[in-house]
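Asker: I'd like to ask you about the structure that follows.
Throughout, read-outs are computed from the coordinates displayed, never taken from laboratory work. These figures come from a predicted structure and were not determined experimentally. In this analysis, Cβ positions are derived from the backbone assuming ideal geometry, glycine residues included, and neighbour counts consider all displayed protein chains.
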Amino acid sequence: MSGTRFLARTALTADESLESYLIRLSLLNSYQSTNSARLIATARLGARGWTDNMRAPRLPETYDLLEELTCVSRKQLYGATVHRFALAIVPPHDTPDSVDLADTGRMALLPNAHLTKWVRAYDDAAFCPLCLEGSQAYHKNSWSIRANCVCVKHGCLLETCCSECGSSLSITDVTLGVCHKCSKPLSRNAVRHVTEEPQKLAMHATMHAWLGLPDYGKADPLGLPDVLPRVLFNVVHGLKWSIGRSRTYTRKELGIVDGVSDETNRVAISDEGANVANDVLFHLLAAAFHCITDWPYNFKILLNRMERASERGLGLGTLYTQWIADRWSTSDYAFLQNEFDDWLAAKVIPSIARTSRYKSRSQMHENRLYVLPTPAMYMLRLGKPTFDQLVAKGTLILLEVNGERCLRLDEVTALRDKWGKAITLQQTCERLRVSKSTAINMIRLGMIQPVRGPTFDGASEWLLDAASVRLCLMNVLGAAHPVSTADEPEGRWLTIGKAAQHATSSNLTISRLLLAIRDGRLPAYWIDGHGKGIHGLRIAKRDLARFVPSFEPVRTVTPRHEVAARLGIKATVVSKWVTSGLLAPVCMEGNAMYFEKAQIDRFVADHIFTEEAATILGIGVLAVQKWARNGRLHPVAGPGVDRVPPLLVSTRGSGSARPE
Ligand SMILES: [Zn+2]
Ligand SMILES: [Zn+2]
């Protein structure tokens, strides 16, 4: 080749992959090997100081170079990569990366984690034998996607092995149309038709349409939820995964063992889903798709079946823990969450009614007072570990009624409502107009109240009480004095951020300045026309100069031995309470643990030891222990709870306990 172009050039074929195109260009230019064109492109890019993955380029420079080499537009080249499926695959709450292709604009990129998950390996290529017939074989881009297991045009499964010698095939083999091992033309590979299952085929056609693949007459399946295709795509794949991992019994009921030998079914489905063979995947995906048709009817049937298959009722397994409570918890899946709640509402009560003890107790039955732990967990969208942690902390109270461990239904719904009304850290930052780190410091200083969070209940994300955020804003702003610009020359005013910078030597953060303003220890002002919010607050330089020396850094963190001394327990017990989730350190370094003073204050205010409880209630220590056992008091630590000697009782919820 000379100059910047390949001498012989050809157009991209419909749905052709970039790998396939570069292989064909190598052949066309009579290069030494089939990967020469790719190597040339890589070398050229390297000479310009860049490296990129030629299969799925992420750099605009790569697209520029490929356009120069091939005279095919950047947009078309992008369309030949798996990135073209990014918007159809990446879950809605994950923002895909993007690449700026100049005139074409920004195009979505599949994040690397999704590449390994959704894209077939180079040497594990799939193909349709019938598509390879004819003059020019090539490898289709859509065959790279694992979710694609069928050629809708020809009504047959995509093959992944040579039917002659059983060898797996690479993209090069498929592009050349010949098995590298036995040289059999792949167009004469055995074909497995699925045309005898037109409904399932139509479902796959619809899923192909979601991916933006050519439409070979997709059917019009009735009653899909009215949401974005990428949401549906992710729902179907979550269902596929859950069904694939469910018990054989459930799968049989769902009819997904049809047409697959038991042996294949067992081996392939026990696999983690990603590596399921195409024949199984065909049935599995159709079964998952079926569950969202006639929405929400078939979805609820699935829930019923999974529940029935489990031994103790409501055993939704990974469908719940991985998907409903986790990946489908964002607002994009509200349509699904609503239906799940609807289904659950009808189940919560019967699940407890099923126990014979319950049937004998009309009081529980009529008042619908209690709910078993599993449905309560479902109602709160909690995994088992977080649920246990909340119980250990006393946020949730586990009672024993007639020998059955359960929770008060009204407490569960109240907590759920509280969480429902809570706002995220991001929303808190927007309302307060502060950074995330400042907001977290404000939580630590007790200025705003979390309802969930990493050091609060072990949740990965913070959720805050909206009312406390509003109140905090009102209190801080309420403490500031309005002044007009004429009162003080502009140069003497500092914004809160600037004031914190001025005072870095004394370790005064924005949050601590706000606390001082709220408490009236530091005067603040807002100047006309500067916006009535934290960002509009100003501090006078002279006030700050006066405040800084008086500022005694409040120690907010306390080490483990001090906590132990304060509670009158051994340091090892503190560690055990950390393990059981009762206390959460803000920081751990080796054996050392540090706790927030505010958290310890709250903890001390919220809990009492057995003796103290006995004194308050005017009963004996043994009676307190008895009450703890029968659920009138709620022990959070002690014998029978975590095997740590002192019995600790939560004062919350014990108001109703009175001496008999
Ligand atoms: Zn085909
Ligand atoms: Zn072969």
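Asker: What is the packing order of peptides 452-460, 473-481, taking the mean over residues of other C-beta atoms within 10 Å and listing the highest first?
Answerer: Averaged packing, sorted descending, gives the order 452-460, 473-481.
Asker: Hey, can you grab everything whose amide H is under 5 Å from the amide H of residue 156? Only 5+ residues off in sequence or another chain; H modelled, so Pro and N-termini drop out.
Answerer: 151, 194
Asker: Search the structure for amide H atoms under 5 Å from the amide H of residue 98, placed 1.01 Å from N in the peptide plane, and list their residues when 5 or more places away or on another chain.
Answerer: 109
Asker: Still on this structure: Suppose we take every Cα in region 422-475 and form the convex hull; what volume per residue is that in Å³?
Answerer: So the per-residue Cα hull volume is 63 Å³.
Asker: Points 7 angstrom from Cα along the Cβ direction at residue 470 and residue 228: gap in nanometres?
Answerer: Here the modelled spin labels are 3.0 nm apart.
Asker: Find the Cα radius of gyration of region 18-118, compare it with 2.2 N^0.38 Å by division, and give the number to two decimals.
Answerer: 1.09
Asker: With a 10 Å radius around each residue's Cβ, average the other Cβ atoms per peptide and rank 518-525, 316-323, highest first.
Answerer: Top to bottom by mean Cβ count within 10 Å: 316-323, 518-525.
Asker: DSSP loop trypsin sites (Lys or Arg not before Pro) in region 36-65 with at most 15 other Cβ atoms within 10 Å of their Cβ, which ones?
Answerer: Filter output for region 36-65: 48.
Asker: Sequence gap at least 6, Cα distance under 8 Å: using those rules, report the relative contact order of region 87-180 to the nearest whole percent.
Answerer: Relative contact order comes out at 25 percent.
Asker: On a straight-distance basis, which lysines could pair with residue 576 in a cross-link, Cα separation under 25 angstrom, same-chain partners fewer than 8 positions away excluded?
Answerer: 384, 393, 597, 626
Asker: Separate question: Suppose the chain between residue 416 and residue 565 were pulled fully straight at 0.36 nm per residue; how much longer would it get relative to their current alpha carbon spacing?
Answerer: Result for the pair: 50.1 nm of gain on full extension.
Asker: Holding the Cα-Cα limit at 25 Å, pick out from 117/436; 117/140; 240/421; 418/498; 300/418; 153/181 the pairs that are longer than that.
Answerer: The answer is 117/436; 240/421; 418/498; 300/418; 153/181.
Asker: With a cap of 14 neighbouring Cβ atoms within 10 Å, and only residues DSSP puts in a loop, list the GluC sites (Glu not before Pro) found in region 390-479.
Answerer: 461
Asker: What does the charge add up to near residue 94, with Lys and Arg as +1, Asp and Glu as -1, over the other residues with Cβ less than 14 Å from its Cβ?
Answerer: Net charge in that neighbourhood comes out at 0.
Asker: So how far apart, in nm, are the two label points at residue 615 and residue 346 if each is 7 Å from Cα heading toward Cβ?
Answerer: In this crude spin-label approximation the distance works out to 5.5 nm.
Asker: Below 15 angstrom from the Cβ of residue 425, what's the summed charge of the other residues (Lys, Arg +1; Asp, Glu -1)?
Answerer: Taking every other residue near residue 425 into account, the sum is +1.
Asker: Check residue 463: other-chain or 5+ apart residues with amide H under 5 Å from its amide H, H built from backbone geometry?
Answerer: It is 451, 452, 453, by chain and number.
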